[in-house]
1. Mind listing whichever residues of region 30-49 are within 20 Å of TYR88 (Cα to Cα), touching a residue at least 40 places away in the same chain (Cβ under 8 Å) and surrounded by 23 or more Cβ atoms within 10 Å (Cβ to Cβ)?
2. For region 1-107, give me every one of the helices (runs of 4 or more DSSP H) that falls completely inside it and has 1 or more residues that are of a type in the set (Gly, Ala, Ser), in contact with a Lys or Arg (Cβ under 9 Å, 6 or more places away or on another chain) and over 30 Å from GLU138 (Cα atoms).
3. Considering (1) crowded, with 22+ Cβ neighbours inside 10 Å; (2) within 30 Å of PHE7 (Cβ to Cβ), say which one ALA112 fails and leave the rest.
4. What number of residues in region 80-94 are among the β-branched types (Val, Ile, Thr) and without any contact (Cβ under 8 Å) to a residue 60 or more places away in the chain?
5. Does LYS131 meet the test of being under 16 Å from LYS73 (Cα atoms) and part of a helix (DSSP H, G or I)?
6. Show the residue pairs that are 6+ apart or on different chains and have beta-carbon atoms under 7 Å apart, the first residue being within region 1-29 and at negative phi and aromatic (Phe, Trp, Tyr), the second being surrounded by 12 or more Cβ atoms within 10 Å (Cβ to Cβ) and modelled with pLDDT under 80.
7. One residue is enough: does region 35-48 have a residue meeting the conditions in contact with a Gly (Cβ under 8 Å, 6 or more places away or on another chain), at pLDDT below 95 and of a type in the set (Gly, Ala, Ser)?
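The values are calculated or read from the model by the stated rules, or taken from the named source; none is laboratory data. Please read these numbers as outputs of a predicted model, since none were measured by experiment. Glycine also receives a Cβ, built like all others from the backbone with ideal geometry; neighbour counts cover every protein chain displayed.
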Amino acid sequence: MEMQMDFDRLVLFEHARRSAEATYAKNPHNAENLTRWGGALLELSSFQSIEESKSMIKDAISKLDEALLIDPKRHDALWCMGNAQTSYAFLTPDRDEAKGYFDAAHTYFQKAIDEDPGNELYHKSFEVASKAPELHAELHKQGFNQQVMASGAGAGSSTSSNAKGLKSQKNSDLKYDIFGWVILAATIVVWIGFAKANVSPPSP
C-alpha cells in the first residue's frame, strides 16, 4: 500500500515537472509555473540517492530563484525556497555549510510570513526551521547520511544488535518527521498549481 502511494506520488510529480517544463518553453516569465516546477523537483528529490537528491534540490532552488526574480514578493515561492534550503541543509554533513542553508531558509520563511501573515503553515515552517540546526547536528552525529545511503541502496546488516536497530529506527522516524513537512510543502504548491492551471493530475 505504501509502495503504491509512493509510486502514485512519483507519477504525479513527474507529470507536474514535465508540464511545468512544457509551459516554461512557451512562457519563461511565469512565476507561478516556475514555483510549481521547483515544488515538483523538491518532491521528486525525496526519491533519489543523496547526491542525486542534492542535485535535484539545487535545480529546484534555481527555478525558485527565477520565480523570485520575476515576483520577489510571491509568498508561495518564498516558502518553497525555505523548504528547498532546509532539505539541502539536512543532506549536507558539514555543520557550518549546513548552517548557511538553515539561515537562508529562516530568512525565506520570514519573508513568506511577511507577505502572507495569516498563513499558519508558514508560521509552522518558521518555527520548525529554528530547531533544524539542532536536529541536523543530532542526525549527523548518529550517521544519518550513511543510514540514508544504506536504506536507499536496500542494504542492511541482519547481524545488527537490537540496540543498534532501535537507534536506526529512532533516526529513521526523525528523518521522516523532518522531511514530512518539506514534502507536504511541495505537494501543496504543486496541487495548487494544478488547480489554477486547470490541469488534471494523472490517474494512478
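1. Within region 30-49, LEU34, THR35, ARG36, GLY38, GLY39, ALA40, LEU42, GLU43, SER45 meet the criteria.
2. It comes to 2-26, 31-44, 50-70.
3. It is condition (2) that ALA112 fails.
4. 1
5. No; evaluated as a whole, the condition is false for this residue.
6. Close Cβ pairs satisfying both conditions: PHE13/VAL190.
7. Taking every residue of region 35-48 in turn, at least one turns out to be in contact with a Gly (Cβ under 8 Å, 6 or more places away or on another chain), at pLDDT below 95 and of a type in the set (Gly, Ala, Ser).
Every residue, every condition in (1) at pLDDT below 95; (2) of a type in the set (A, V, I, L, M, F, W, C); (3) within 19 Å of ALA89 (Cα to Cα), yes or no:
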| position | (1), (2), (3) |
| --- | --- |
| ASP116 | no, no, no |
| HIS123 | yes, no, no |
| SER130 | yes, no, yes |
| LEU135 | yes, yes, yes |
| GLN146 | yes, no, yes |
| MET149 | yes, yes, yes |
